[in-house]
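Student: Input: one structure, supplied below.
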Amino acid sequence: MKKLFLMFITVTVIGSVQAQTKRKSVKPATPATPVKAVSKTDNTTKTTQTAAPVTVAQPKATPKTNSFQVKGANLLNAGIGVGTYYVGLPFGVSFEHGFSKDISGGVFVDYSSHNYGDFYGGSSKLNIVYAGVRASYHLGEVFKVKNNKFDPYAGASLGYHHISWTYDGSNSVATPYDNSIFFGVHAGARYLFSDHVGAFAEVGYGVAALKLGATFKF
């Protein structure tokens, strides 16, 4: 009995040793390489609504023009007569306002005076006044003028000329001129050296065949 007990113990010990030896000889399993998790991206595209830019209406710029501006302008001529119909040095003034881009109208006055001195035993003096209304048509577009300082024009006038003749001699001398209503035409041009001041030349019926002088625009 004792022998059987010893044999059981021996077999148990040997089995235990063999079991321990097998455990040491078994290699530990290689840990699996961690797999990166693939995150699924939502394929839904987010649409961002951008407000449309607000367009601010800009004031329209006044178109620039190369022609002389007549509408709304006041035009004043002041000059002397050359080639007068009478003896003396006449001078005159005209004023016109621009009612449209081509037409202006206004008034005028021309004056001339001459002292003849001794005339048939006495002193005599001649005074001449032309006054009336006038209108002008501005020809910048007709002639395709590209210079806004240059203003060619032509027109007509209606007025009254008054002639006074004074004589203080003893002899009876009749007045050589008559007073009357007249209708006249004119043509001329002005050129501005600045925005407001320039020179003009004009031919036509009046106290002189040609007038030269200063012109003003305001």
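The values are calculated or read from the model by the stated rules, or taken from the named source; none is laboratory data. What you see is a predicted model, and the numbers here were worked out from it, not measured in a lab. As a convention, Cβ positions derive from the backbone with ideal geometry for all residues, glycine included, and neighbour counts pool all protein chains shown. Side chains are part of the model used for accessible areas, which takes the heavy atoms of the whole protein and leaves out ligands, DNA and RNA. Shrake-Rupley method; radii C 1.70, N 1.55, O 1.52, S 1.80 Å.
Student: Would you please give the residues with an amide H less than 5 Å from that of Y205, counting only those at least 5 places away or on a separate chain, with H modeled from the backbone geometry?
Tutor: The answer is V185.
Student: Okay, moving on. Would you work out if region 100-152 is rounded, prolate or oblate? Take a ≥ b ≥ c from the square roots of the eigenvalues of the alpha-carbon gyration tensor; rounded if a/c is under 1.5, else prolate when a/b is larger than b/c, oblate otherwise. Walk me through the numbers before you get to the answer.
Tutor: On the way: a/c = 6.31, a/b = 3.24, b/c = 1.95.
In terms of gyration-tensor shape, prolate.
Student: Residues with beta-carbon under 14 Å from that of V142, excluding V142: net charge, scoring Lys, Arg +1 and Asp, Glu -1?
Tutor: Details: positive: K101, K144, K146; negative: D102, E141, D151.
Around V142, the surrounding residues sum to 0.
Student: Compute the signed sum of charges (Lys and Arg +1, Asp and Glu -1) over the other residues within less than 13 Å, Cβ to Cβ, of L210.
Tutor: Details: positive: K211; negative: D110, E202.
Cβ neighbours under 13 Å give a net charge of -1.
Student: May I ask for the net charge around N74, where only other residues with Cβ less than 10 Å from the Cβ of N74 are counted and Lys, Arg are +1 while Asp, Glu are -1? Could you put the intermediate results ahead of the total?
Tutor: Details: positive: K217; negative: E96.
Net local charge, N74 excluded: 0.
Student: Tell me the accessible surface of H114 in square angstrom (1.4 angstrom probe, heavy atoms of protein chains only), to the nearest ten.
Tutor: Near enough 50 Å² of accessible area.
Student: Excluding ligands and nucleic acids, what accessible area in Å² is computed for V93 using a 1.4 Å probe, to the nearest 10?
Tutor: The accessible area comes out at roughly 70 Å².
Student: Skipping prolines and chain starts, which residues have an amide H placed within reach, meaning under 5 Å, of the one on F99, given they are 5 or more residues away or on another chain?
Tutor: Hits under the 5 Å cutoff: G72, S104, G105.
Student: Whole angstrom only: what separates the Cα centroid of region 121-165 from the Cα centroid of region 178-210?
Tutor: Cα centroid of region 121-165 versus Cα centroid of region 178-210: 4 Å apart.
Student: A further question on this structure: With θ taken as phi - 60° and the coefficients 6.51, -1.76 and 1.60, list the Karplus ³J(HN,Hα) couplings across region 152-163 in order, rounded to whole Hz; mark glycine and proline as x.
Tutor: x, 7, 8, x, 9, 9, 9, x, 9, 10, 10, 10
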